[in-house]
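Presented below is the structure to which this report refers.
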Amino acid sequence: MRHLRTARTLRGRLALMALVAGALWIAVLTTVFNFALDNRLRQQADDVVRTRAEAVGATVEARPDGRLVVREPAQDEALDSGVWIYQGRKAVEKPTGASDPLRRQADLLAGKSHVFADSSGPGSWRLYALPVAKADGSGQAGTVVASVSLDPYRSTADTALVASTALAVALLGGIYLLTRLVVRRALRPVAEMSDQAARWSESAAPERFGSAGRPAELAALAANLDVLLDRLAAVLRHEQHQAAELSHELRTPLARVTAETDWLNSRPRDAAERRASHEAIADAAATMRQICDALLSEVRTRESPAPGRCRFPDVIHRLLTRGPAQDLGSPTVTIRGDHADIGVSEEVAERILTPLLDNARRYARHTVTVRCAAGTGRITLYVGDDGPGVPEEFRSSLFEPGRRADPADGHDGAGLGLALARRLARAAGGDITLSDGGPGASFAVSLPAG
């Protein structure tokens with residue numbers, strides 16, 4: 001139901017957007033149409049009143065003595081339909097029944113030449129003044145003022161406005177309904193995909209959308225969603241596998257703690273036995289703490305927005321200082337290369353390098369070498385030893401959690417150091433790889449430059 005409501009809301013919003021856009025366009029077109037129609041009707045009124053004035057002006061003759069003589073046509077309806085003839089400013093001919101506002105406006109046009117004017121009063125009128133030349137052509141002997149009512153034109157404009165508005169409303173309704181229909185048909189596959197995803201999320205089904213039989217746009221969307229689901233499934237499998245392995249590794253020291261505790265409580269022990277049990281419990285707790293600290297460091301590295309910064313020599317010296325005390329049988333640690341800045345925090349750098357240094361010092365015969373090489377935006381740290389190296393059959397599973405090349409080699413590691421170090425390095429934007437150079441094992445740690 002939630003997906004159905006979402007689809008309906010989306011359809012309504014898209015239809016509303018189409019309605020608003022259509023309303024804007026139709027409003028613009030309706031305004032332009034009515035404006036153009038009004039101008040056209042005004043031009044027609046001007047043409048009619050000018051033609052009427054010219055028709056009457058053709059019947060007016062100016063005598064040499066300055067008088068105006070009007071030759072009466074066979075039909076003189078022109079004079080009765082709103083035409084004045086002025087000699088100077090005196091009306092020698094005027095229509096009957098003209099209103100006072102119209103007559104005053106006509107009087108104002110007497111003596112003017114080719115001038116339009118409007119008169120308001122009982123109705124709207126358009127007037128035009130046509131000059132009558134003197135007999136010798138030396139000036140203006142009189143004026144013919146013609147008028148035409150604008151009411152028919154205004155009525156036509158009003159009718160067109162009402163009709164265009166009604167048509168615009170009808171078009172908007174049609175656009176809205178058509179848009180809803182088109183959007184509903186277009187979003188139907190999306191709603192089906194949403195329902196499929198909802199069913200799959202409830203049952204954790206491994207199905208995928210697939211791109212067969214879908215439009216090009218939805219085929220691309222389905223393919224991208226399938227890729228995303230594959231990645232999420234891979235991450236989930238990896239996390240489940242990692243959690244199972246870590247649970248197994250934590251179970252071993254926890255079982256050791258439980259066994260030692262039960263052994264101590266089963267019967268009285270002497271001081272030496274109690275001391276040995278306490279040391280075993282402390283070692284198991286330290287192993288568990290190391291595993292938990294490494295996991296927490298990885299989580300903080302993945303979620304931290306700021307990468308931090310540290311100096312390569314400072315980190316190495318600090319790790320060597322905190323390591324086991326050097327004696328005559330311990331390998332010598334040699335530091336070489338650039339004194340560059342690393343683009344991760346000191347804690348993350350130490351968590352990454354600690355298992356590499358511990359393994360190198362554990363398996364080296366005489367020398368452990370730590371070298372730093374600065375590149376463009378990257379720092380590469382090399383940690384190598386002159387020991388026996390990594391067995392060939394173990395290289396493929398070297399970075400898998402819980403795996404050890406020789407479980408019976410005597411040290412109490414959980415086989416998580418290299419795996420967690422690589423995860424920390426990748427979470428910080430780098431990586432750890434096994435290098436082929438050197439007589440023993442050599443690891444290359446790539447990290448961002450500081």
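The values are calculated or read from the model by the stated rules, or taken from the named source; none is laboratory data. Not measured: the values here are computed from a predicted model. Neighbour counts are summed over all protein chains in view; Cβ atoms, including those assigned to glycine, are modelled from backbone coordinates with ideal geometry. Accessible surface is based on the protein model in full, side chains and every heavy atom, while ligands, DNA and RNA are left aside. Shrake-Rupley method; radii C 1.70, N 1.55, O 1.52, S 1.80 Å.
General observations
- Of the residues making up region 352-373, those that are hydrophobic (A, V, I, L, M, F, W, C) and buried (at least 19 other Cβ atoms within 10 Å of the Cβ) are 352, 353, 356, 357, 360, 364, 368, 370, 372.
- Residue 333 being at pLDDT 85 or above and part of a loop (DSSP other than H, G, I, E, B): no
- Those residues of region 245-272 which are over 60 Å from the mean Cα position of the chain (by Cα) and open to solvent by 60 Å² or more (accessible area, probe 1.4 Å), in sequence order: 262, 263, 265, 266, 267, 268, 270
Here is a yes/no grid of residues against (1) under 60 Å from the mean Cα position of the chain (by Cα); (2) at pLDDT 75 or above; (3) open to solvent by less than 90 Å² (accessible area, probe 1.4 Å):
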{"residue": "9", "(1), (2), (3)": "yes, no, yes"}
{"residue": "39", "(1), (2), (3)": "yes, yes, yes"}
{"residue": "46", "(1), (2), (3)": "yes, yes, yes"}
{"residue": "53", "(1), (2), (3)": "no, yes, yes"}
{"residue": "67", "(1), (2), (3)": "no, yes, no"}
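- Any chance residue 159 is surrounded by 15 or more Cβ atoms within 10 Å (Cβ to Cβ), modelled with pLDDT of 85 or more, closer than 30 Å to residue 97 by Cβ and of a type in the set (S, T, N, Q): no
- Residue selected from region 418-450 under the condition within 17 Å of residue 345 (Cβ to Cβ) and assigned to a helix (DSSP H, G or I), by the criterion most open to solvent (accessible area, probe 1.4 Å): 426
- Inside region 371-400, residues that are of a type outside the set (Gly, Ala, Ser) and in a loop (DSSP other than H, G, I, E, B) make up a count of 8.
- Per-region count, region 124-173, residues among the basic types (Lys, Arg) and under 25 Å from residue 39 (Cα atoms): 2
- Top-ranked residue in region 336-351 [being assigned to a loop (DSSP other than H, G, I, E, B) and open to solvent by 20 Å² or more (accessible area, probe 1.4 Å); ranked as nearest to residue 308 (Cα to Cα)]: 345
- For residue 24: the one exception among (1) modelled with pLDDT of 80 or more; (2) in contact with a helix residue (DSSP H, G or I) (Cβ under 6 Å, 6 or more places away or on another chain); (3) surrounded by fewer than 18 Cβ atoms within 10 Å (Cβ to Cβ): (2)
- Restricting attention to region 69-114 and to residues that are among the acidic types (Asp, Glu) and within 22 Å of residue 140 (Cα to Cα), the residue that is modelled with the lowest pLDDT turns out to be 72.
- When region 153-192 is filtered for residues that are in contact with a helix residue (DSSP H, G or I) (Cβ under 8 Å, 6 or more places away or on another chain), aliphatic (A, V, I, L, M) and closer than 30 Å to residue 214 by Cα, the ones remaining, listed by number, are 175, 183, 187, 190, 191.
- The residue that is farthest from residue 47 (Cα to Cα), among those in region 88-143 that are part of a strand (DSSP E or B) and of a type in the set (Asp, Glu), is 93.
- Tallying residues that are open to solvent by 60 Å² or more (accessible area, probe 1.4 Å) and either within 60 Å of the chain's Cα centre (by Cα) or within 16 Å of residue 90 (Cα to Cα) (or both) within region 108-132 yields 6.
- Within region 379-399, the residues that satisfy the criterion of being surrounded by fewer than 15 Cβ atoms within 10 Å (Cβ to Cβ) and either of a type outside the set (Asp, Glu) or under 16 Å from residue 421 (Cα atoms) (or both) are 388, 391, 394, 395, 396, 397.
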